[in-house]
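The values are calculated or read from the model by the stated rules, or taken from the named source; none is laboratory data. Keep in mind the model is a prediction, meaning the values are calculated, not measured. Note: ideal-geometry Cβ built from the backbone for every residue, glycine included; neighbour counts use all protein chains shown.
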Amino acid sequence: MRNGISALVLFACLSLGGCAAQIDELSPSIETLQLLRQSETPSMAIGSFTPASRDIGRQVAIRASTMHAPKDQNFADFLGATFRAELGAAGKLDSASPLRLEGILVESRVSEDIARGEASLGARITLSRSAKVMFKKAYRVETHWKSDFIGAIAIPEAFRQYNSLYALLVRQVLMDPEFIAAAKQAGP
Amino acid sequence: MTRRHIKLHVALLARFAALVLAWISVEGAAEAAKWYVDNTLGEVKAEEKKVPAQLRPIQLLFEFQRDGTPNPKATKVVKPWAIEDIKQTGAFSEISETPSTDGAILSIKFNNIVKQEELDKAKHDGFRAGLSFGLAGGVVATDHYVVTFTYIAPNGAPPITSVVNHALHMKFGTKAVEIPGTEAKNGDEAVKTVVRQALARGVNNIVTDPAFSK
């Protein structure tokens, strides 16, 4: 009986909407890791990541379902955590480094109209050394996909596409030749 | 069938499983579906298996993808299985997610490919089967997996890569069709078998590569 109720609730969530999902941690990529090592990018610390507005950091919605950041975090914090994971996997994370990577989340969006879905994520990234700003640049990633009228397909797919953008944005920054050059110039 | 199991199916086989789940009772669909592990890849035979003379630690990067983009929900579910499966191969002395002591890395991208024409057919068949609770016709859906292994040696040698293909078939309804797979007890077991076979094959391909022992 209990399983039956759970199943019905899940069915309602998937097909009609009305559920909340938490964003999931992303895996580091070998491409970024190799580039960071080969380019001898110096280790850096992760500073603050903040949302440009309260709405941007809070949640995104598809139909009647929402996706939110992990507990006690906003989406900007989650972006910072994704940078931390990617740099940590490459052995380039050092909380004592004078080089500090920070960001402001300026765009966080996902939408779909039954036929087509789109999502985008944007951030202003700053690299500073001993509180002096050495590099500042805006980054943006977006994705499009074919959506579906069935909520059970459309909702998880939209959230997956949105979630993936964090990995794409982090990789775009860490693989940007301008960012690498600035880090090397500013690094120890 | 617990909610965790149903969510697992949705996470791993989102498109096809969700189609069936959308048309009929979730619990009924998940239990009525039959799962088959494709026979083409199979197990690594004892005579094929190679264990390196000197075991080294590796840093593991594992990502489950759909059509080449990250599927973090599925990664979360599958990664612990993958770590255990790689341990079972006996090819490495230690597996960690942080940089290894000598810098060796094994990256695995487990990519679930969705073929649009198959998805459209599954939708059509799933609708018909769902309305009749599986009594009229049925749906056979195949999830294709392309698993890419990249090994980076500590000595800075060029990466060693291997690509392994695998597939998982799901059948729902009364459709009489021969499926080129071995039936699994349930969805969980089917997915675990696909992961284990693909990883065992890929790791064996990597350690068998002549460049690996250099």
Next on the checklist: What pairs come out if I take residues in the stretch A:71-89 that are surrounded by fewer than 23 Cβ atoms within 10 Å (Cβ to Cβ) and pair them with residues that are among the basic types (Lys, Arg) whose C-beta lies under 7 Å away, six or more apart or interchain?
Outcome noted: A:ASN74/A:ARG58
Item to check | Selection from the stretch A:62-74 of residues that are within 16 Å of the chain's Cα centre (by Cα), away from every other protein chain (no Cβ under 14 Å) and of a type in the set (A, V, I, L, M, F, W, C) | outcome: none
Checklist entry - Taking the stretch A:35-58 as the region of interest, how many residues are surrounded by fewer than 17 Cβ atoms within 10 Å (Cβ to Cβ) and at pLDDT below 95? => result 7
Checklist entry - So which residues in the stretch B:51-66 are outside any strand (DSSP E or B) and touching a Phe, Trp or Tyr at 6+ places or on another chain (Cβ under 9 Å), if there are any at all? => result B:PRO52, B:LEU55
Item to check | Output for the stretch B:68-78, where each listed residue is facing chain A (nearest Cβ under 8 Å), in a helix (DSSP H, G or I) and in contact with a strand residue (DSSP E or B) (Cβ under 7 Å, 6 or more places away or on another chain) | outcome: B:THR75
Next on the checklist: Being closer than 29 Å to A:ILE180 by Cβ and more than 15 Å from the chain's Cα centre (by Cα) is true for just one of A:ALA85, A:ALA115, A:ALA90. Which residue is that?
Outcome noted: A:ALA90
Item to check | Residue under evaluation A:SER95, criteria (1) assigned to a strand (DSSP E or B); (2) closer than 27 Å to A:SER39 by Cβ; (3) more than 14 Å from every other protein chain (Cβ to nearest Cβ); (4) out of contact with any helix residue (DSSP H, G or I) (no Cβ under 6 Å at 6 or more places or on another chain), criterion not met | outcome: (1)
Next on the checklist: Among (1) under 19 Å from the mean Cα position of the chain (by Cα); (2) within 12 Å of chain B (Cβ to nearest Cβ), there is one condition A:LYS137 misses while meeting the rest; what is its number?
Outcome noted: (2)
Checklist outcome for this item: A:SER128 passes all but one of the listed conditions (1) hydroxyl-bearing (Ser, Thr, Tyr); (2) under 13 Å from the mean Cα position of the chain (by Cα); (3) buried (at least 18 other Cβ atoms within 10 Å of the Cβ); the exception is number (2)
Next on the checklist: Taking the criterion of being at pLDDT 90 or above, in contact with a strand residue (DSSP E or B) (Cβ under 7 Å, 6 or more places away or on another chain) and crowded, with 16+ Cβ neighbours inside 10 Å, would at least one residue in the stretch B:173-186 satisfy it?
Outcome noted: yes
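Out of everything in the stretch B:21-44 that is assigned to a loop (DSSP other than H, G, I, E, B) and at pLDDT 70 or above, what residue ends up being nearest to the other protein chains (Cβ to nearest Cβ)?
Residue satisfying both the conditions and the ranking: B:ALA33.
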Checklist entry - Among (1) modelled with pLDDT of 95 or more; (2) within 11 Å of chain A (Cβ to nearest Cβ); (3) farther than 23 Å from B:PRO158 by Cα, which single condition is B:LYS109 missing? => result (3)
